[in-house]
1. Suppose the chain between I436 and R46 were pulled fully straight at 0.36 nm per residue; how much longer would it get relative to their current alpha carbon spacing?
2. Local charge sum around R385 (other residues, Cβ-Cβ under 10 Å, Lys/Arg +1, Asp/Glu -1)?
3. Once amide H atoms are built 1.01 Å from N in the peptide plane, which residues 5 or more positions from A348, or in another chain, come under 5 Å H to H?
4. Which of the peptides 36-46, 212-222 is most tightly packed, and how do the rest follow, judged by the mean count of other Cβ atoms within 10 Å per residue?
5. Toward the positive end of the charge dipole of the chain, about the Cα centre and with charges on Cβ (Lys, Arg +1; Asp, Glu -1), which of L240, I395, S59 goes farthest?
6. Using the Karplus curve 6.51 cos²θ - 1.76 cosθ + 1.60 with θ = phi - 60°, work out ³J(HN,Hα) for each residue of the range 106-115 in order, rounded to whole Hz, and write x for Gly and Pro.
7. Can you tell me which aspartates and glutamates have their Cα less than 19 Å from the Cα of K205? Leave out same-chain residues fewer than eight positions away.
8. Hey, which aspartates and glutamates would be in cross-link range of K270, C-alpha to C-alpha under 13 Å, not counting anything within fewer than 8 residues on its own chain?
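Read-outs: derived from the displayed coordinates by stated rules, not from any lab. Small disclaimer: the values here were computed from a predicted structure and weren't measured. A quick note on method: Cβ atoms are made from the backbone with ideal geometry, for glycine too, and the neighbour counts reach across all protein chains shown.
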Amino acid sequence: MSTHDTIVAISTPPGPGGLGVVRLSGREARRIAEAVLRFPTAGSWRSWRARMAELPDGSGHAVDQVVATYFEAPRSYTAEDVVEISCHGAPVVLRHAVARALEAGARLAEPGEFTLRAFLNGRIDLPQAEAVRDLIEATTLYQARVAAEQAAGSVSRRLAPVKEKLLELIALLEAGIDFAEDDVSVASADQILARLEPIQTGVVKLVASFAYGGLVRSGLTLAIVGRPNVGKSSLFNRLLEQDRAIVTDIPGTTRDAISETASIGGFPVKLVDTAGIRESKETVESLGIERSFEALADADLALVVVDVSRPLDQEDREIVRRARDGGRTLVAGNKCDLGRVDIEDAIAVSALTGEGIEQLRQAILDAVLPAGAMENQTGFITSLRHERLLLESGIHLATAQCAVEARIPHEMVLVELYAALHPIDAITGATTADDILNRIFSTFCIGK
C-alpha cells in the first residue's frame, strides 16, 4: 500500500450511535475535508482546533451538522496531517462522508493503516502498535490497563537496557578485532561473560513473564463439571454474575455446553457449563455428556462441583479422579448452606447465597498463575510473537556464552551476538520484514 496517499475510514464501530467519526490522514487531508464539508465562514485551519461545518449531499442540501478537528503533522496519531469529522452516528451519513472523501481524492484505508503509518513515521514503535490492537480488543479493565501501559512503551522501556548492553558488548568485541594490530587490549573471557550475564538474565526474565502476560491477553477456559443437580449451572450463573444458564430441580436440565466469558481478578475467563455426568441411555443427554468430557479435555482448568450437603458417592469420586488425571483441577463443594460434609481439598461455596464465591475466584487465579506473578505486574510481555523471538535470542546468547567459555575466537562469538540482536530488533521493528508487518497490521480493524 502507498504511504503517500491520503486515506479515509470510519473509525467508530458499525451500527447506529450517538456519534460517528470519519478520519482522514495524509498531506491532502485538509483539502479533501474542505471538498467534503461546507464551512459557514472561510478561515485557516488551526491545529488541535475544532470547526463547525455542514455535510451536504450531491444536491447541496445539508444532511448533517458536523465538527471537524484538525491535527497538524507531526502532532497527530499518524504524524501526518489528520482531520477527524464527527458526525451523528447514522451509518448512512458516515458512509456518505466517506464516499465524498473518495470522490475528492482520498483512498479507503486498509485494516490498521493509520497505526501502520504511526509506526512507519516513528510516532510509535512496534510493541506500542501491537498494544493499540490489544487495547481495542480488551474485554476486561485490567486487560485495557495493561495494553495502555504497553501502548505508552512499558515493554519497550524494559527491553531497551537489554538491547543497549548487547550493543555495547558487540562494539567491544568489534573494536578488539578491528584494532588488534594496534595493541588495543581485547576483553578477557571473564569480562565478556560478566557483560553477557545481565543480558541473558534480562531476556530470561522477559520470556518468563509471558506465563503471566499470556493469561492477561488470552485468558483461560474453565470447565464446570459434575453430576446432575449438584448446582453447576447455579455456580456458573453466580461466577458470571447473571442468569445465563437455566436452573431447575430436575436432574439433566443442561443438555449441551454453554459458554460465557467473565472477568475474574481482571483476567478473561471463559466459563463452560456442561451437562451433568451420569450413566444415561437417552440419546440427547448422552451427547451432552460426551461434550462435557470434551470440554473437560480442552479446558485450562477443571472445576468439579460436588454437593457437600451429603457424602460423596462413587460417581463423584470418579469424576474428580478423571478431572485430576486430565490436568489442573479444583473441587467446589456447593450447597454448603444446607449443611456441610468435610471433603478433602473442596472449597465450600453456596451458589444460592454467595458464600465462599470470592475464595473460589481467588483459588481459580492461584491455580493458573505462576508463583509470584502478581508481585511484578509491569513490563511483562503478552505477545506470543515476542516470546518466540526472545526465546530465539536466548538460544543465541547461550551459544555465545559456550563459545566464550570454550575460548573460541571472538569473530565466532560475534556471529552469535548479532544473531541474538536480530530477534530483539524484530520486536522493536528495527529489522522487521514487510510480510511480518502486513501480518500484524492486517489484524487491526479498519479505521485504526
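1. Numbers: separation 390, 0.36 × 390 = 140.40 nm, distance 3.73 nm.
Once the chain is fully extended between I436 and R46, it gains 136.7 nm.
2. Residues close to R385 contribute a combined charge of 0.
3. G333
4. Values: 36-46: 12.5, 212-222: 20.5.
Top to bottom by mean Cβ count within 10 Å: 212-222, 36-46.
5. S59
6. 7, 10, 5, 5, 7, x, x, 6, 4, 5
7. Those aspartates and glutamates meeting the cut-off are E149, E164, E197, E375, E387, E392, D425.
8. Once the sequence-local aspartates and glutamates are set aside, what remains near K270 is E260, D298, D300.
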